[in-house]
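Worksheet for the structure shown next.
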Amino acid sequence: MLPEYKLELVSPAGSLPALKVAVDNGADCVYLGFRDDTNARNFTGLNFDAANARTGVAYAHAKGAKVFLALNTYPQALGWERWKKAIDQAADFGMDAIILADPGLMQYAMKTHPQLHLHLSVQGSATSYEAINFYHEHFGIRRAVLPRVLSFAQVEELSSGTPVELELFGFGGLCVMVEGRCSLSSYVTGESPNNCGVCSPPKAVRWQQTAKGLESRLNGVLIDRYADDENAGYPTLCKGRFEVGGETYYAMEEPTSLNTLELLPELLRIKVRGLKIEGRQRSPAYVAQVTRVWRDAIDQCMKDPPGFAVKPAWTTQLGKISEGQQHTLGAYHRPWK
Amino acid sequence: MEMKLALGPILYYWPREKLQAFYQEIAATPVDIVYLGETVCSRRHVMRLSDWLEVAKMLAAAGKEVVLSTQILIESESDLKAMRRITENGDLTVEANDMGAVHRLEGRVPFIAGPYLNIYNPQTLELIASLGARRWVIPVEMSLQALQPLQHSRPAGIETEVFCYGRLPLAFSSRCFTARFHNLPKDDCRFLCIDDPDGKTMRTREGKPFLVINGTQTQSALVYNLIGDLDSMKNAGVDVVRISPQSEHSSEIIRLFRDCIAEQVSSEYAVQKIESMMPEGACNGYWHGRPGMEQMFLASARQHE
């Protein structure tokens, strides 16, 4: 039996070229941010100015794809006007939805632009249908992006308690902490995803070759030290090696990334609406390849869910572009916890 | 009006006898408000809701305002049931620690908006107040400067509370880092976090205390301490000062804060005195708009360095 609904592939676009290749390779939706701290990937050289955003929306719409604007940081009083303006621009540019975390902003968006679809960002930390229904009743959100902390059984349980569409992370970087509730980065650097749209920001990173090995530091704090034969990774602070009770190990999380290809039939079964690929900071080549693989996988799975099997070629391809990193099902698979 | 003192919920897992003795001792301190309940992990079970209600009764009889706090990270239907038992307790005020709890409480009873609701701007504060919040706790990473505009425009009748003392609750996960340390699955954790009454210290590879593992919660290893910043808090119109429980010295710390607020002792004295009662060094960066782990010294406190 064919599923009667569509699972949308939601691909990241950190730039106009990335947006174009995402659409060309089969993304149903792309998400992007403006070039400032109104979004949670506030990196130099990344994101869209007004002209690019307009061009991007036109390009995607011409090919039948949707565009979502990520406005998923929490504005402080002084920045409020900037976030407000971003919402106005999203409406003006014809974005298909805006992804918000801040309730104050949702209220503004709902009142000022009632036609704009609102999605609850993963940064909104809603992990139960009670929380999602709060945003639904107050602001009419259409979709919620779930934090990467629930097991699949918990996602299923949650989905039965809300009319709101669900979007899940399927592939890419893995936050071990509940999004929107992690201040580790501001504890060390002063800047966090919530208040600045960054985690472990590059400007706080220092690399140093020492007699003991290559050291990575974040605002002076030693995050990891690598022997000559080890691959050094970006010092995201929850993915460093630390010492607890005399043992040195990845005390919070290994430098793994999330890959849920094998869960696809289950996601279809509970009618998850969006499958999100992480990585607005990634290159257009990366976005193109990941989108292509997931397009194939989703199409295969939609055709024949019970017969679905992960093709080794997909895994190989995804493995190649994530630089040989380990893959995990993360919290979707209970023993990870 | 003098700032009130609150004792936050115990974030660690302590044996039942220790918990009960702790609150007996707290009843005799000059603390005004006590937040009760298990907010970190649903697997921790030495206290049932009925036990917490007993403690609440005892504290209320000692003249304390008692608040029940909800679990911070809600994951399952059974978590929701436990949360609803708290929000629908019918008697005590509830501190909502996620929007699901707000959803259960809004428009029905006045509640406290906990520090994990991400209230960062006047618009959101106004919204939460309109739903029935009579007090809100600022996010731990919020600075005095970021707080000020919210204080200026805050709706009438809502009190502001600031986390002022204790290891900072910085992050939450569904993964249990204590179980991970012991190479155990979370579902068979053997409740080993009960052996770490102030959490388990995580050091950098050069031995510097960095973070603390407390089950699914990650805290700062350094102790957030704003006892030297009470004047700026008072000037900003903060109503309530929160102290987070630790396994030793909580009563003395409460008394010291009380004396300092009442100007019975100088902040220089308090800053010096409190040092010996901390499980680790101090930090206060967040309040000063700096990285949380930094320690800014007041001009007056500097002479003791």
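Applying the set (1) in contact with a Ser or Thr (Cβ under 6 Å, 6 or more places away or on another chain); (2) facing another protein chain (nearest Cβ under 8 Å) to B:Arg167 leaves exactly one unmet item: (2).
Filter segment A:214-263 for residues that are among the acidic types (Asp, Glu) and at pLDDT 95 or above; which is nearest to the chain's Cα centre (by Cα)? Talk me through it step by step, then tell me what you get.
Residues of segment A:214-263 among the acidic types (Asp, Glu): A:215, A:224, A:228-230, A:243, A:247, A:253-254, A:262.
Filter once more, keeping what is at pLDDT 95 or above: A:215, A:224, A:243, A:247.
Numbers: A:Glu215: 28, A:Asp224: 25, A:Glu243: 29, A:Glu247: 32 Å.
Looking at the filtered set, the residue picked out is A:Asp224.
Taken over segment B:43-95, the criterion of being touching a residue at least 40 places away in the same chain (Cβ under 8 Å) and farther than 23 Å from B:Phe22 by Cα is satisfied by B:Leu73, B:Glu75, B:Ala82, B:Asn89. Considering (1) away from chain A (no Cβ under 14 Å); (2) modelled with pLDDT of 95 or more; (3) crowded, with 17+ Cβ neighbours inside 10 Å, the lone condition that B:Ser267 does not fulfil carries the number (2). Taking every residue in segment A:43-64 that is without any contact (Cβ under 8 Å) to a residue 12 or more places away in the chain and pairing it with any residue that is part of a strand (DSSP E or B), at least 6 positions away or on another chain, yields no pair with a Cβ-Cβ distance below 9 Å.
The sole residue among A:Ala53, A:Ala27 that is buried (at least 17 other Cβ atoms within 10 Å of the Cβ), at pLDDT 95 or above and assigned to a loop (DSSP other than H, G, I, E, B) is A:Ala27. Just one residue in the set A:Ala109, A:Ala97, A:Ala101 is of a type in the set (Gly, Ala, Ser), within 24 Å of B:Gln71 (Cα to Cα) and modelled with pLDDT of 95 or more; that residue is A:Ala101. Among the residues that make up segment B:207-220, is at least one of them more than 10 Å from chain A (Cβ to nearest Cβ) and among the hydroxyl-bearing types (Ser, Thr, Tyr)? Taking every residue of segment B:207-220 in turn, none turns out to be more than 10 Å from chain A (Cβ to nearest Cβ) and among the hydroxyl-bearing types (Ser, Thr, Tyr).
Just one of the listed residues (B:Val238, B:Val137) is over 29 Å from A:Leu146 (Cα atoms), more than 10 Å from chain A (Cβ to nearest Cβ) and either modelled with pLDDT of 95 or more or surrounded by fewer than 23 Cβ atoms within 10 Å (Cβ to Cβ) (or both), namely B:Val238. Taking segment A:245-284 as the range and being without any contact (Cβ under 8 Å) to a residue 40 or more places away in the chain and either within 30 Å of A:Leu7 (Cα to Cα) or buried (at least 21 other Cβ atoms within 10 Å of the Cβ) (or both) as the test, the residues that pass are A:Ala251, A:Arg269. In the set (1) in a helix (DSSP H, G or I); (2) in contact with a Ser or Thr (Cβ under 6 Å, 6 or more places away or on another chain), the condition left unmet by A:Ile99 is number (1).
Residue check: A:Gln154 meets all listed conditions (1) in contact with an Asp or Glu (Cβ under 8 Å, 6 or more places away or on another chain); (2) surrounded by 24 or more Cβ atoms within 10 Å (Cβ to Cβ); (3) within 12 Å of another protein chain (Cβ to nearest Cβ) but one, namely (2).
Sub-9 Å Cβ pairs linking a first residue in segment B:259-277 that is under 17 Å from B:Gln295 (Cα atoms) to a second residue that is modelled with pLDDT under 95 and assigned to a loop (DSSP other than H, G, I, E, B), at least 6 apart or interchain, are B:Ser267/B:Leu298; B:Glu268/B:Leu298; B:Glu268/B:Gln303; B:Glu268/B:His304; B:Val271/B:Phe297; B:Val271/B:Leu298; B:Val271/B:His304; B:Gln272/B:His304, ordered by first then second residue. Helices (runs of 4 or more DSSP H) fully within segment B:204-303 that include at least 2 residues being over 25 Å from B:Pro139 (Cβ atoms) and out of contact with any helix residue (DSSP H, G or I) (no Cβ under 6 Å at 6 or more places or on another chain): B:250-261, B:267-275, B:299-302. Looking only at residues of segment B:1-26 that are among the small types (Gly, Ala, Ser) and crowded, with 17+ Cβ neighbours inside 10 Å, we find that the one that is nearest to B:Gly237 (Cα to Cα) is B:Ala6. Among the residues of segment B:185-200, write down those that are more than 7 Å from chain A (Cβ to nearest Cβ) and either crowded, with 19+ Cβ neighbours inside 10 Å or modelled with pLDDT of 95 or more (or both). If the condition is that a residue be more than 7 Å from chain A (Cβ to nearest Cβ) and either crowded, with 19+ Cβ neighbours inside 10 Å or modelled with pLDDT of 95 or more (or both), then B:Cys189, B:Arg190, B:Phe191, B:Leu192, B:Cys193, B:Ile194, B:Asp195, B:Asp196, B:Pro197, B:Asp198, B:Gly199 are the ones that fit. Taking segment A:117-151 as the range and being at pLDDT 95 or above, assigned to a loop (DSSP other than H, G, I, E, B) and either within 11 Å of chain B (Cβ to nearest Cβ) or buried (at least 21 other Cβ atoms within 10 Å of the Cβ) (or both) as the test, the residues that pass are A:Ser121, A:Ser125, A:Ala126, A:Thr127, A:Ser128, A:Ile141, A:Leu146. Scanning segment B:215-231 for residues that are more than 14 Å from the chain's Cα centre (by Cα) and farther than 30 Å from B:Asp259 by Cα turns up B:Gly215, B:Thr216. If I go through segment B:86-127 residue by residue, how many of them are under 21 Å from the mean Cα position of the chain (by Cα) and under 25 Å from B:Leu11 (Cα atoms)? Of the residues in that region, 25 qualify.
The values are calculated or read from the model by the stated rules, or taken from the named source; none is laboratory data. As the structure is a prediction and not an experimental result, all values here were calculated from the model. Here Cβ is always computed from backbone atoms with ideal geometry, including for glycine, and neighbour counts include all displayed protein chains.
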